[in-house]
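The values are calculated or read from the model by the stated rules, or taken from the named source; none is laboratory data. Everything numeric here is computed off the predicted structure, so don't read it as measured data. Backbone-built Cβ (ideal geometry, glycine too); neighbour counts: all protein chains shown. In case anyone asks, the SASA skips ligands and DNA or RNA and just uses the protein heavy atoms, side chains included. Shrake-Rupley method; radii C 1.70, N 1.55, O 1.52, S 1.80 Å.
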Amino acid sequence: MTNDDKCTSFFDKNYQTPEFIENKKRQAQQGRRRFLKSAAGMGALASLPALSVSAKAQTSLNELLKTLVKTDPWLTLDATLNQLLPSSPTGPSASEIRATAYLYQVMTVQPTEQDEKDFILKGVGWLNGYANSEKSANFAQLSFADKEQLLRGISNSTAGQNWLNTLLGYIFQAMLSPASYGGNPDGIGWAWLEHQAGFPMPEKGQRYFELPTRARIDLISRVNYDAKRLASSRNKSHQGTKKS
């Protein structure tokens, strides 16, 4: 049983920050080094065969989501994402970047830790419990102003901050990731940020969690080989300087 299993609300004194959040913080601190390693292996990734997401598959996902968002937990998650990034004349909304579709893939397709998925779903219950105690209705049924008030309210707790930050992180990913991950249709997020995406784009079958074991090993070997060559070159250069 995890610590979250003992908690009944965002404001429960028994709540402790989940391990997956601490892990993400550590990974973020190593982000620069990981980015450089990824850049070194781009040639290996580009050599993989391209597979396209069919219009039929995309339509099927859209129809599924239309059904899912009618009931919880997706009803509340969809309402929360759209409250965090509402419609605006200055930029795309959560709905326009398909944040809910992206989160659905995170929860059902991507190799997301079970503790993180459990935490996201527990937050739905906690939010609706808080909404009913404050407004006598579930979160999705409330007005924009009431939703804003409640989200500001839970943000005053550690659990609420962690839950909202988790969802905000996935909103940003939905806006910036290739469409094969579920969000950012037609590069709407990139267009808003005036960002020129790299090429080629990963399609279904090329996403990071779908790479074959051999390709992952080749990528790691290439990175290690280049790192050793760079270190050797630096050592030789340093020795040459000493002799002169």
Check: Exactly one of (1) touching a residue at least 24 places away in the same chain (Cβ under 8 Å); (2) closer than 23 Å to LYS66 by Cβ; (3) over 21 Å from the mean Cα position of the chain (by Cα) is unmet by TYR104. Its number?
Finding: (3)
Margin query: Pairs please, first residue from region 66-85 and farther than 18 Å from GLY160 by Cα, second anywhere and of a type outside the set (Asp, Glu) and open to solvent by 50 Å² or more (accessible area, probe 1.4 Å), Cβ atoms under 6 Å, 6+ apart in sequence or on different chains.
Written below: VAL69/LEU75
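Residue-wise test of (1) at pLDDT 85 or above; (2) more than 20 Å from the chain's Cα centre (by Cα); (3) farther than 22 Å from GLU113 by Cα; (4) open to solvent by less than 60 Å² (accessible area, probe 1.4 Å).
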{"residue": "LYS6", "(1), (2), (3), (4)": "no, yes, no, no"}
{"residue": "ASP12", "(1), (2), (3), (4)": "yes, yes, yes, yes"}
{"residue": "ASN23", "(1), (2), (3), (4)": "yes, no, no, yes"}
{"residue": "ARG32", "(1), (2), (3), (4)": "no, no, yes, no"}
Checklist line | Per-region count, region 135-161, residues open to solvent by 20 Å² or more (accessible area, probe 1.4 Å), within 16 Å of THR17 (Cβ to Cβ) and in contact with a Phe, Trp or Tyr (Cβ under 8 Å, 6 or more places away or on another chain) | finding: 1
Checklist line | Members of region 105-126 that are among the hydrophobic types (A, V, I, L, M, F, W, C), over 18 Å from SER157 (Cα atoms) and surrounded by fewer than 16 Cβ atoms within 10 Å (Cβ to Cβ) | finding: VAL109
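Here is a check on your reading of the model: is LEU61 of a type outside the set (Ser, Thr, Tyr), modelled with pLDDT under 90 and assigned to a loop (DSSP other than H, G, I, E, B)?
Numbers: of a type outside the set (Ser, Thr, Tyr): yes; modelled with pLDDT under 90: yes; assigned to a loop (DSSP other than H, G, I, E, B): no.
For LEU61, the condition - of a type outside the set (Ser, Thr, Tyr), modelled with pLDDT under 90 and assigned to a loop (DSSP other than H, G, I, E, B) - is not met.
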Margin query: open to solvent by 30 Å² or more (accessible area, probe 1.4 Å) and over 27 Å from TRP190 (Cβ atoms): is that true of GLY129 in this structure?
Written below: yes
Next item on the list: Kindly indicate which of LEU151, LEU168 is of a type in the set (A, V, I, L, M), in contact with a Ser or Thr (Cβ under 8 Å, 6 or more places away or on another chain) and touching a residue at least 24 places away in the same chain (Cβ under 8 Å).
Entry: LEU151
Note to self: Suppose we filter region 177-199 for residues that are outside any loop (DSSP other than H, G, I, E, B), touching a residue at least 60 places away in the same chain (Cβ under 8 Å) and either over 20 Å from LEU65 (Cα atoms) or of a type in the set (S, T, N, Q) (or both); how many remain?
What the structure shows: 3
